[in-house]
Amino acid sequence: LAPSEWQDTVQALGTAKANESVTISAKVSETVQKVNFDSGDFVEAGQVLVDLTGKVQLAGLEEARAAYREAEQQLTRAEELAGKKLIPGSQLDTQRANRDAARARMDQVRAQLSDRVITAPFDGVLGLRQVSPGSLVTPGTMITTLDDVSVIKLDFSVPETLISALEPGQQVEARSAAWPDRTFDGILRTIDSRVDPVTRAVQVRAEIPNPERLLKPGMLLT
């Protein structure tokens, strides 16, 4: 008989994971002023999701800006007078320090406001919306979830007897009960550095492109 090609296969079960996944929560205690998304929306990195900015914080920023502008004007006048030898250099240094302090105060208020404008850290799909305008949120309050599902990570176990046959780049074909007529192709990306001493199996991670977003985190794949 003439030799023919054949492929050895291993069947396993794995749970789908998002490429990136995070729970969106608040950093400060504040009332929700505006919600800029709905459940299930696809958002881009940097897109504003929730605005917690209050009138007190905005007024504080305007006050800090005014103080900075005034300090800048005072410094300009001091530099002109110092150039004409009408004031000592120490007074000019004091005015420059006042300007720097005013700018630091303005930057501090801006940083505080940034904690009140919640944005998406990466492109992805939002989960269920958990807050509404007028809701009081505190640090750790769950607002929604965000998952990057453009690529699905699939972790599964392979017996240690087959470790010598494993290597990154090998083909992986996954199937889901939700899509019985579809095969999702991916590649083996990583082999864990340790073997479980109880099960004598090694964890393997595959990556499966998911451009149609049919696969969702948590799904059982074969």
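Observations, loosely collected:
- Subset of region 21-42 (residues that are assigned to a loop (DSSP other than H, G, I, E, B), within 16 Å of ARG116 (Cβ to Cβ) and charged (D, E, K, R)): LYS27
- Residues that are closer than 16 Å to VAL125 by Cα, open to solvent by 50 Å² or more (accessible area, probe 1.4 Å) and in contact (Cβ under 8 Å) with a residue 24 or more places away in the chain, drawn from region 23-38: THR23, ASP38
- Only one entry of VAL131, VAL151 meets the criterion of being of a type in the set (A, V, I, L, M, F, W, C) and modelled with pLDDT of 95 or more, and that entry is VAL151.
- Per the conditions (1) in contact with a strand residue (DSSP E or B) (Cβ under 8 Å, 6 or more places away or on another chain); (2) under 25 Å from ASP147 (Cβ atoms), the sole criterion not satisfied by SER29 is (2).
- The set of residues in region 102-124 being over 30 Å from GLN74 (Cβ atoms) and touching a Ser or Thr at 6+ places or on another chain (Cβ under 9 Å) consists of ARG116, VAL117, ILE118, ASP123, GLY124.
- Residue check, PRO133 part of a loop (DSSP other than H, G, I, E, B), open to solvent by 60 Å² or more (accessible area, probe 1.4 Å) and either more than 24 Å from VAL22 (Cα to Cα) or of a type in the set (Lys, Arg) (or both): no
- Within region 1-22, the set of residues being under 17 Å from MET142 (Cβ atoms) and either open to solvent by 80 Å² or more (accessible area, probe 1.4 Å) or in contact with a Cys (Cβ under 6 Å, 6 or more places away or on another chain) (or both) comprises SER21 only.
- Unique match (being aliphatic (A, V, I, L, M) and outside any strand (DSSP E or B)) among LEU154, LEU188, LEU128, LEU146: LEU128
- Residue match in region 45-59 (condition: in contact with a Gly (Cβ under 7 Å, 6 or more places away or on another chain) and open to solvent by less than 60 Å² (accessible area, probe 1.4 Å)): no
- Within the option set ALA59, ALA16, ALA67, being more than 14 Å from GLY127 (Cβ to Cβ) and at pLDDT 90 or above holds for one residue only, ALA16.
- Within region 78-94, residues that are open to solvent by 80 Å² or more (accessible area, probe 1.4 Å) reach partners that are in a helix (DSSP H, G or I) with beta carbons closer than 7 Å, at six or more positions or on different chains, in the pairs GLU79/LEU92; GLN91/ALA78.
- Within region 183-214, being among the basic types (Lys, Arg) and open to solvent by less than 90 Å² (accessible area, probe 1.4 Å) holds for one residue alone: ARG205.
- Matching option when the condition is open to solvent by less than 60 Å² (accessible area, probe 1.4 Å), in contact with a helix residue (DSSP H, G or I) (Cβ under 7 Å, 6 or more places away or on another chain), among the charged types (D, E, K, R) and in a helix (DSSP H, G or I), among ARG99, ARG110, ARG105, ARG65: ARG99
- Scan of region 161-182 for residues that are outside any strand (DSSP E or B) and open to solvent by 80 Å² or more (accessible area, probe 1.4 Å), ordered by number: THR161, SER164, GLU167, PRO168, ALA177
The values are calculated or read from the model by the stated rules, or taken from the named source; none is laboratory data. Quick caveat: nothing in here was measured; it's all calculated off a predicted structure. Methodologically, a virtual Cβ is constructed for each residue, glycine included, from the backbone with ideal geometry; neighbour enumeration extends over all protein chains shown. Remember, those area values only see protein heavy atoms, side chains included, never the ligands or the DNA or RNA. Shrake-Rupley method; radii C 1.70, N 1.55, O 1.52, S 1.80 Å.
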